[in-house]
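The values are calculated or read from the model by the stated rules, or taken from the named source; none is laboratory data. Small disclaimer: the values here were computed from a predicted structure and weren't measured. In this analysis, Cβ positions are derived from the backbone assuming ideal geometry, glycine residues included, and neighbour counts consider all displayed protein chains.
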Amino acid sequence: MSATLQALRGMNDVLPGDASRWLEFESLVQRWLARHGYRNIRMPLIEPTQLFRRAVGEQTDIVEKEMYSWRDELNGEDLTLRPEATASCVRAAIEHHLLHDGPKRLWYAGPMYRHERPQKGRYRQFHQYGAEALGFTGPDSDAELIVMCAALWRELGLTGIRLELNTIGSSAERASYRTALITHLENNVDSLDADAKRRMHANPLRVFDSKNPLVQTVVQSAPSMMAYLGDATLAHFDGLKRLLGAAGVGFTLNPRLVRGLDYYNLTVFEWISDRLGAQGTVCGGGRYDGLFEQLGGKPAPAAGFAMGIERLIALQQEAKPEPVVPLLHAYVVHLGAGAAEQALRIAGELRDAGYAVVQHCGGGSLKSQMKKADASGARVALIIGEDELGAGEVTVKPLRVARAQARVPAARLAAELTGWNDAKAGT
Ligand code: HAM
């Protein structure tokens, strides 16, 4: 016998019990995005490697260590499974001239791939919902993105998700801060690991992302960027803070927050929960005004965020542990060849009328079919035997409430079934 195959490490199956929760979560998130005027965009999972090198940055963990990249020998192209989707979204906006008639609010969802060390809340295939506001300059757009997240946490029933906020200024401001930061890192070089030493001169801000506790002590004592920020940056940041205050969204200023991707400028933020252990960031984002130009497009301001579905689902499961069971109105039980045909017809009519109906397959006695009906979770069993068939009727037997069964004319079943159920499928 050949060995059984298993899913790859860090890549998870979502089984039906959990997938029902995912569906409910996604339907809520999609309605929330629509209510904020965001429209869906879908990009390929595979992109030219160069896209992420240029957008995310050569010196980031993602590009240096975590990308699934390979050479497609047939076409001689270097390809990568997307580690994130902001780069693809901007690439698509440039390629299809999406901003020709003004700014756009876009959302996407789907799997992302990073070759990280798997642990609770950190996977090699994980899923994001992302929103990108393309073409907007002001802090009002940053505030919109942040305030809408706060509304989502409320709607999902999630508490204890805090907001960390920072401004990383313009690239010119970061360049002048760089010198001070490099001096500090050089003075503490004995506490830096190989990664930090390598990045220290090429991209010193990246040292901030280090997960090494010793390097983090050096980061904590580093000079603050605040002193290097100009009036325009501070005005943008003040505008954002004022709008968040007016919206009642609390935040903590974290001057060390730089995010793990190089395309950001001005605003950066993360939403963090303490209930998830080390992988507590459920959503992150910021402004990336230089990315359009960096990817060869006409300059355009932009900002956005992405949230990790696995982490948010884990939080929601903790807040509401009851399993999510999809609504099933009726299970059709039938005995005899004529009844099978009638069952097929009736199940079809009920589905057309909006009910969720499972028809028994595979024959068997009334008793065994009723067992299946009960196990299905359906509200009622619809029984069609010789008697019912002859009379043009169906026996409706409630499975979840104490109520007597009754015979109902087949022609009136769709109308009468409402009285036996509170809701139709999907309502
Ligand atoms: P990111 O911070 O790399 O940002 O990822 C966003 C979120 O995806 C994280 O906060 C986390 O919830 C989730 N996530 C990231 N890596 C993993 C993983 N290995 N396992 C499970 N969940 C993970 C971005 O991707 C940017 N594109 C966000 C953005 C959009 N910025 C502007 N627009």
>> Can you report the number of residues in the range 111-140 which are of a type outside the set (A, V, I, L, M, F, W, C) and away from the ligand (no atom under 12 Å from the Cβ)?
In response: 5
>> Looking at the structure I just gave you, is Gly297 touching a residue at least 60 places away in the same chain (Cβ under 8 Å), over 30 Å from Gln220 (Cβ atoms) and either in a strand (DSSP E or B) or away from the ligand (no atom under 15 Å from the Cβ) (or both)?
In response: yes
> Restricting attention to the range 300-316, and to residues there that are under 15 Å from the mean Cα position of the chain (by Cα) and of a type outside the set (A, V, I, L, M), which single residue is farthest from the ligand (Cβ to nearest atom)?
Replying inline: Gln316
> In the range 126-160, which residue that is touching a helix residue (DSSP H, G or I) at 6+ places or on another chain (Cβ under 8 Å) and of a type in the set (Val, Ile, Thr) is farthest from Val268 (Cα to Cα)?
Replying inline: Thr159
> Got a sec? Which of Arg105, Arg114 is free of Cβ contacts under 8 Å to residues at least 60 places away in the same chain and assigned by TED's automatic domain parsing to the domain that holds His127?
Replying inline: Arg114
>> Of the residues Ala247, Ala235, Ala222, only one is surrounded by fewer than 22 Cβ atoms within 10 Å (Cβ to Cβ), more than 11 Å from the ligand (Cβ to nearest atom) and free of Cβ contacts under 8 Å to residues at least 12 places away in the same chain; which?
In response: Ala235
> For the range 264-286, which residues satisfy the criterion of being within 8 Å of the ligand (Cβ to nearest atom) and at pLDDT 95 or above?
Replying inline: Tyr264, Glu270, Trp271, Thr281, Val282, Cys283, Gly284, Gly285, Gly286
> So, in the range 120-147, of the ones that are among the aliphatic types (A, V, I, L, M) and either out of contact with any Lys or Arg (no Cβ under 8 Å at 6 or more places or on another chain) or farther than 19 Å from Val29 by Cα (or both), which residue ends up surrounded by the fewest Cβ atoms within 10 Å (Cβ to Cβ)?
Replying inline: Val147
> For the range 148-168, how many residues meet the condition of being surrounded by 14 or more Cβ atoms within 10 Å (Cβ to Cβ) and either in a helix (DSSP H, G or I) or at pLDDT below 95 (or both)?
Replying inline: 7
